[in-house]
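J.: Please read through the structure below; I'll follow up with questions.
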Amino acid sequence: FGKRLKDQFVMHCALRSACQRSPTTTLIRGCRVPLNSRIAPQEFRLQSAPILRQFSFAPRYGPVSLVRRCCAAVALTATAAGAVSGLATGAVEPADDRQFSGPPRLNVMEILAALPRAAVLYTSVFLVWWDYRRVRKRAHRKRVQLGLRPKAEAGEQEPPEVEALWEAAHKNNAPKVRRLVDRLGGLWVKVGQYLSSRPDVVPMAYIGSLSSLQDGIAASPWKQVVATLNNEFGASWPTRLHVEEEPLAAASVAQVHRGWLRDDGSRVAVKVQHRGVDAQMRLDLVNFAVLIELLRRFEPDQDWRPVVSEWSSAVTQELDFQKEAENLREVAGNLQRAGIKAVVPMPRDGWVTRKALLMDFCSGFPARESSRLDDIGVDRGLFMQRVCAAFAVQIHEDGFFNADPHPGNVHVSTDPVQNKGDPSVPILLDYGLTKRFDPKMRLAFARLMHASEAADVDGLERALEDMGFIFEREPLEDLANMRRLFTATPKSQVSQRRRERAEEQRAERAAKEAAAAEEGHASAPRRKRPVEAWPSELVFFLRVTGLLKGLAASLDVSVDYMGLMAQAARRALRKAVPTSERATGVFSEGEGSSLAEAKLQLRLEKLLAHLQSEGAIRGMQVSVAGPDGKLLASVCAGELGVADPRPVKPDTLFCVFSAGKPLCAVAALQLAEKGQYKLQDVVRLHWPEFGANGKEACTVEDVLRHRAGLASALPPYASIDKLLDMDAMTEFVANAIPDCMPGTKTAYHYLTFGWILAGLVKATSGDAIDEVIQSNIVSMLGVSGEMYLGVPTKVLADDSRFASVEVNLHGSQQQQQ
């Protein structure tokens with residue numbers, strides 16, 4: 001290894017010297033090149049010389065120059081350290097195989113060639129970071145001068161003087177970041193494009209500076225375009241194809257020219273790959289991996305290496321236009337079958353190679369040019385709905401989607417032939433980088449979206465488990481985060497939503513601190529979010545989510561993004577159920593088959609059939625028994641849920657809200673009938689711990705009549721696990737302070753009712769309340785296995801028995817169906 005490093009370092013030094021003396025770098029042919037070098041000498045001469053020349057080695061003078069040179073030295077050292085670390089750990093290592101599953105494997109020669117380019121990157125990043133560090137200190141001093149705390153709390157509005165400091169910093173650094181992206185190009189253009197598509201997250205100064213990246217990348221010279229076309233189509237291509245010299249747009253991988261075929265005069269778009277972009281992209285990925293590695297070492301909780309690994313293994317897809325042509329055909333066919341109004345350019349047969357591609361020319365303009373939308377009568381809401389619906393079908397129903405979209409590739413169609421006279425039809429461009437879900441992962445993402453939209457905590461947890469998530473978090477927190485992630489915010493409401501979220505975070509932090517203080521800790525335990533537990537597919541799923549939310553924000557339209565995605569997700573989940581298991585009619589065979597001629601049975605069936613046809617019910621069970629316990633009618637109708645077409649059966653379990661209260665009350669009254677206590681007895685007589693903190697006079701009757709004074713008694717920051725821990729919650733209500741004197745005010749004890757009675761029942765009988773209910777109520781009614789207060793784990797394993805609960809969070813009322 002040492003000899004190889006020496007040989008390649010000699011080559012690197014010769015290259016640098018040659019680049020400084022002659023732009024042709026002919027000395028490379030006389031250098032010693034290892035046989036297993038990943039880049040051939042000729043390719044290296046063409047591609048690496050411009051990269052090396054990006055960094056100036058000429059001496060400069062003055063204090064500012066000295067700082068910059070010191071920064072460059074630090075950057076070079078950090079880059080070298082990261083590269084050597086990568087070699088040692090295997091993240092970056094010499095290899096002959098061009099395929100990779102994580103960051104691209106480069107040999108030492110390529111790493112040395114990457115140092116000047118990396119030095120530019122690290123120096124610029126360091127200077128921007130240093131500027132924000134100084135601004136933060138100035139902001140703290142300004143707050144102190146104004147009589148405030150040095151650091152603002154979450155939700156606190158900064159004074160105008162401090163806001164002005166941050167705005168000035170953003171305006172000062174945004175052009176620097178744009179110049180860095182322009183100078184480096186390659187992968188960093190994609191990073192800039194992503195940032196420019198998120199006005200709901202990124203300061204507007206950066207949006208304005210980076211937005212032109214969507215289609216404003218410097219184009220390659222015409223001579224290089226002609227050379228590439230000659231290599232791909234042969235020197236005679238001008239006799240069959242005319243290409244305009246001025247490009248329509250340029251991106252990080254290729255640029256597009258307008259043209260037409262000479263045989264039929266049809267207009268085409270000619271996509272031509274930049275020369276040398278392959279090697280440059282691989283070098284960018286190494287720099288990206290080193291940055292992530294440095295971040296991980298300084299911030300162990302921020303381990304984003306799986307993200308880089310997934311991006312690295314997929315980004316090279318864009319370099320093969322033959323693959324892109326296949327992608328265009330597949331996506332266009334999928335959208336047509338789904339009935340989505342969207343235009344996807346189709347490739348022209350015989351004009352597809354690895355580095356050049358001819359497609360149908362689609363007349364239009366970028367959707368972000370909002371001023372032009374109104375001029376041609378575009379319905380912004382309808383346009384955005386169609387874009388979201390197109391991506392929803394791609395992701396959830398087909399499992400094949402554009403994994404690297406940005407607003408510059410979403411256009412408005414102006415061709416009356418292609419859009420059929422509808423001005424609100426989108427054009428979807430650039431399918432070079434795509435992602436294909438395996439069937440299991442596709443359904444997991446569909447379940448995630450459906451559960452988020454339906455506020456189904458159990459479904460969300462199942463989806464996260466199927467996707468491979470391992471979060472030490474609470475289910476309700478996951479649900480809140482997912483709903484927030486999938487909610488699009490119009491640009492005019494961004495500031496208000498940020499303030500609202502900051503206030504929510506401040507309240508959450510205060511609640512956590514209060515809970516920690518109550519438990520005797522200095523601060524609440526920190527919950528880690530292990531990134532290594534992320535599913536790799538999430539990287540691209542979030543990329544699409546960022547585009548759609550950012551585009552909706554820039555168009556300043558309110559669109560139900562989550563609802564549109566959930567519609568496609570539900571269709572995918574329903575299709576996944578085998579046909580043999582789906583409901584074939586309104587009613588399913590069950591206990592009522594022997595009562596087919598009974599009048600009550602017929603009346604119920606007629607009524608439920610009518611309700612089903614009106615869409616008033618999703619699924620229902622109805623059983624009627626006479627005074628002697630004889631079954632008079634039994635009807636099962638409908639499906640288990642909006643995303644589950646399996647039929648409701650007699651053994652289907654429905655979650656019935658607050659049905660546990662009468663069961664708990666009956667269990668308590670049964671003990672009173674047996675003489676364990678009287679309703680007028682104070683609770684502390686049988687459960688001494690309950691008499692603490694002013695509840696000495698609370699009677700059993702007060703508890704049963706919701707007059708215990710504990711209606712709002714809840715732990716300040718209780719997890720779901722804690723709320724389901726009966727022992728912990730009975731201990732909590734025993735020590736809780738009542739809102740008012742027991743017996744003086746009636747207030748619905750939504751949760752505490754069951755906890756109080758559970759404590760009383762256990763204190764008097766010695767058994768848990770769920771055991772008492774099963775033995776004294778459920779078994780006596782003859783419904784064992786059909787009614788539970790808390791479903792056992794073994795029963796939960798059979799999901800075919802559970803009807804899903806749909807909650808309407810958009811209206812003023814909640815509906816259980």
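The values are calculated or read from the model by the stated rules, or taken from the named source; none is laboratory data. None of these values were measured; they are calculated from a predicted model. For neighbour counting, all protein chains shown are included, and Cβ atoms are generated from backbone atoms with ideal geometry for every residue, glycine included. When the accessible area is computed, the model is the full protein with side chains, heavy atoms only, and any ligands, DNA or RNA have been set aside. Shrake-Rupley method; radii C 1.70, N 1.55, O 1.52, S 1.80 Å.
J.: Pop a pseudo-label 7 angstrom from the Cα along the beta-carbon direction at both residue 655 and residue 239 and give the gap in nm to one decimal.
T.: 7.2 nm
J.: Continuing with the same structure: With charges set only on the Cβ (+1 for Lys and Arg, -1 for Asp and Glu), what does the dipole of the stretch 388-460 come to about its Cα centre, in debye to the nearest 20?
T.: Details: 6 positive and 10 negative charges, 35 e Å.
Rounded to the nearest 20 debye, it is 160 debye.
J.: Would you list 646, 297 from the most to the least accessible area, probe 1.4 Å? Mind dumping the intermediate values first?
T.: Values: 646 40, 297 130 Å².
Sorted by accessible area, descending: 297, 646.
J.: Can I ask one more? What is the Cα convex hull volume of the stretch 586-683 when expressed per residue in Å³? All intermediate terms of the calculation are to be shown ahead of the outcome.
T.: Working: hull volume 14.9 nm³, N = 98.
Cα-based convex hull of the stretch 586-683, divided per residue, equals 152 Å³.
J.: Can you give the accessible area of residue 636, probe radius 1.4 Å, in Å² rounded to 10?
T.: Number for this one is 10 Å².
J.: Under 5 Å between amide H atoms, partner at least 5 residues away or on a different chain: which partners does residue 274 have, H built in plane at 1.01 Å?
T.: The list, which skips near neighbours in sequence, is 254, 255.
J.: Find how many whole Å separate the alpha carbon centroid of the stretch 112-142 from the alpha carbon centroid of the stretch 595-612.
T.: So the separation of the two Cα centres works out to 74 Å.
J.: Counting only the heavy atoms of the protein chains, how much of residue 561 is accessible to a 1.4 Å probe, in Å² to the nearest 10?
T.: Ignoring ligands and nucleic acids, residue 561 comes out at about 0 Å².
J.: For a quick check: with amide H placed at 1.01 Å from N, whose amide H comes under 5 Å from residue 202's, ignoring anything fewer than 5 positions away on the same chain?
T.: Residues meeting the criterion, in which the H sits 1.01 Å from N, do not exist here.
J.: Could you pull the accessible area for residue 125 with a 1.4 Å probe, rounded to 10 Å²?
T.: Its heavy atoms expose roughly 70 Å² to the probe.
J.: Skipping prolines and chain starts, which residues have an amide H placed within reach, meaning under 5 Å, of the one on residue 640, given they are 5 or more residues away or on another chain?
T.: 646, 648
J.: Of 391, 361, which has the most accessible area and how do the rest follow, probe 1.4 Å?
T.: On the way: 391 5, 361 30 Å².
Largest accessible area first, the list is 361, 391.
J.: How would 702, 278 line up by accessible area, probe 1.4 Å, largest first? It would help to have the intermediate numbers written out before the result.
T.: Details: 702 20, 278 45 Å².
Sorted by accessible area, descending: 278, 702.
J.: On to the next question. Which three extents, in angstrom, do the Cα atoms of the stretch 343-466 have along their principal axes, listed largest first?
T.: Between the extreme Cα coordinates on each principal axis of the stretch 343-466 lie 47, 39, 21 Å.
J.: Follow-up question, since we're still on this one. At a temperature of 20 °C and a viscosity of 1.002 mPa s, determine how fast the stretch 637-752 diffuses translationally according to Stokes-Einstein, using the Kirkwood radius over alpha-carbon pairs as Rh; express D in µm²/s, rounded to the nearest whole number.
T.: Working: Rh = 16.3 Å.
Once the numbers are plugged in, D ends up at 132 µm²/s.
J.: Here's something else I'd like to know. If the reach is capped at under 16 angstrom between alpha carbons, list the lysines near residue 745, excluding any in the same chain fewer than eight residues apart.
T.: 695
J.: Which entries of 151/176; 674/762; 678/722; 190/271; 549/575; 271/341 show an alpha-carbon separation above 20 angstrom in the structure shown? It would help to have the intermediate numbers written out before the result.
T.: Numbers: 151/176 27 Å; 674/762 15 Å; 678/722 31 Å; 190/271 18 Å; 549/575 27 Å; 271/341 24 Å.
The answer is 151/176; 678/722; 549/575; 271/341.
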